[in-house]
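The values are calculated or read from the model by the stated rules, or taken from the named source; none is laboratory data. All figures in this text were calculated on a predicted structure; none of them were measured in a lab. Every residue, glycine among them, receives a Cβ derived from its backbone with ideal geometry; neighbour counts consider all protein chains shown.
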């Protein structure tokens, strides 16, 4: 069996290793479009902070890891897919035949339609090449403006702040991490970040970036301000890499549509990770959920099915845990609530503590929290288990911090029923 995997991030690497274990005799080809060994983009902030060097971002530290497993690493960018001939074309004309294909081509930064966004000194923070460029400019005392305060933006924010720069963050939404946190939680996070010396403008747009003197840049905002900076970081979101699939017959919406086995509309072609549009855990709606735990699970499920060993995904679950300058925030499931649902909320603004629980009948379906690290695993467990809380729903409505007690009570009830 000839397996080809397009994309050598965490999804592709886990899939390749799973395939090798499931099919020791199969040929496994892992294709990446950057010259470095397979690495984790999520490790780049630690590189910026200085906690690791570039080799610390590599997904496997042993230089001969893939060779020892008989996994062939190929450097190239996919440019086309012919599902009738079962072959992938790379830029430059090379063709790779396959029996089973995994599309794990991930996503790429979205370049905002802003005049001057392509000037020198404006960078995304997505690749090791980006990191090198940023480290060259983000010296101590440098003036840095970051566009975007979403999940990835907040991770980059912390890395930049650790370098001692003068940091300003501009976010179009009315709060930080608007796709992860409620207005109350996102507003409290903004207050925390500002208390650490970072300027944050929410409900604000960058209108233009202009070249200044000596390599500096002038950033014009729609609040009337113009800021002179040495570096602009663009963290305004990502988009799945699906353009190369045009004309292939593979169904593409926002991402590549897949079923519970991670197979696409074309038999023998699978997709996983940031490029895949899979069924959501609760709603069944097809969504792209670009988080690493989801990518890892999908890569494993796809590989097992490629090798003929049945496996199904339970559905993708919105799940984010974020450390922003020492304040831990988390978001799970239907954190924005559901129609006809109820919620419980607790706010301790002075101590930066917040929790909001979302219920559908007596089932916990979503949650937001700040400053409550001991509850993170329990929140996820209760949401994923579909556990009926019974009387504990009312206890939690009165005091949502009793989530651990509710979890243990439900677990004990299940044990009694099993006995």
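Scanning region 231-260 for residues that are closer than 18 Å to residue 179 by Cβ and either in a strand (DSSP E or B) or touching a residue at least 40 places away in the same chain (Cβ under 8 Å) (or both) turns up 234, 235, 236, 237, 238, 239, 240. Which one is nearest to residue 323 (Cα to Cα) among residues in region 363-387 that are in contact with a helix residue (DSSP H, G or I) (Cβ under 8 Å, 6 or more places away or on another chain) and surrounded by fewer than 15 Cβ atoms within 10 Å (Cβ to Cβ)? That would be 374. In this structure, is residue 43 without any contact (Cβ under 8 Å) to a residue 60 or more places away in the chain, surrounded by fewer than 19 Cβ atoms within 10 Å (Cβ to Cβ), farther than 20 Å from residue 271 by Cα and touching a strand residue (DSSP E or B) at 6+ places or on another chain (Cβ under 6 Å)? Spelling it out, it is not the case that residue 43 is without any contact (Cβ under 8 Å) to a residue 60 or more places away in the chain, surrounded by fewer than 19 Cβ atoms within 10 Å (Cβ to Cβ), farther than 20 Å from residue 271 by Cα and touching a strand residue (DSSP E or B) at 6+ places or on another chain (Cβ under 6 Å). No other residue among 71, 14 is touching a strand residue (DSSP E or B) at 6+ places or on another chain (Cβ under 9 Å) and under 23 Å from residue 292 (Cβ atoms) apart from 71.
Within region 46-64, the set of residues being surrounded by 14 or more Cβ atoms within 10 Å (Cβ to Cβ) and out of contact with any helix residue (DSSP H, G or I) (no Cβ under 8 Å at 6 or more places or on another chain) comprises 58 only.
Applying the set (1) farther than 12 Å from residue 324 by Cβ; (2) touching a residue at least 24 places away in the same chain (Cβ under 8 Å); (3) surrounded by 14 or more Cβ atoms within 10 Å (Cβ to Cβ) to residue 188 leaves exactly one unmet item: (1). The sole residue among 104, 161, 142, 149 that is under 26 Å from residue 263 (Cα atoms) and surrounded by 14 or more Cβ atoms within 10 Å (Cβ to Cβ) is 104. In summary, helices (runs of 4 or more DSSP H) completely within region 366-419 and bearing 3 or more residues that are under 20 Å from residue 318 (Cα atoms) and at pLDDT 85 or above occur at 376-385.
Can we say residue 146 is closer than 15 Å to residue 236 by Cα and in contact with a strand residue (DSSP E or B) (Cβ under 9 Å, 6 or more places away or on another chain)? When the stated conditions are applied, residue 146 passes them. Only one entry of 91, 17 meets the criterion of being within 26 Å of residue 257 (Cβ to Cβ) and without any contact (Cβ under 8 Å) to a residue 24 or more places away in the chain, and that entry is 91. Criterion applied to 181, 176 was being crowded, with 16+ Cβ neighbours inside 10 Å, in the same structural domain as residue 222 (by TED's automatic domain parsing), within 19 Å of residue 348 (Cβ to Cβ) and touching a strand residue (DSSP E or B) at 6+ places or on another chain (Cβ under 6 Å), and the one residue passing it is 181.
For region 60-84, a residue qualifies if it is part of a loop (DSSP other than H, G, I, E, B) and either closer than 25 Å to residue 22 by Cα or modelled with pLDDT under 95 (or both), and the qualifying residues are 60, 61, 62, 63, 64, 69, 70, 83. Between 275, 219, the distinction of being surrounded by 20 or more Cβ atoms within 10 Å (Cβ to Cβ), touching a residue at least 24 places away in the same chain (Cβ under 8 Å), farther than 19 Å from residue 310 by Cα and more than 23 Å from the chain's Cα centre (by Cα) belongs to 219 only.
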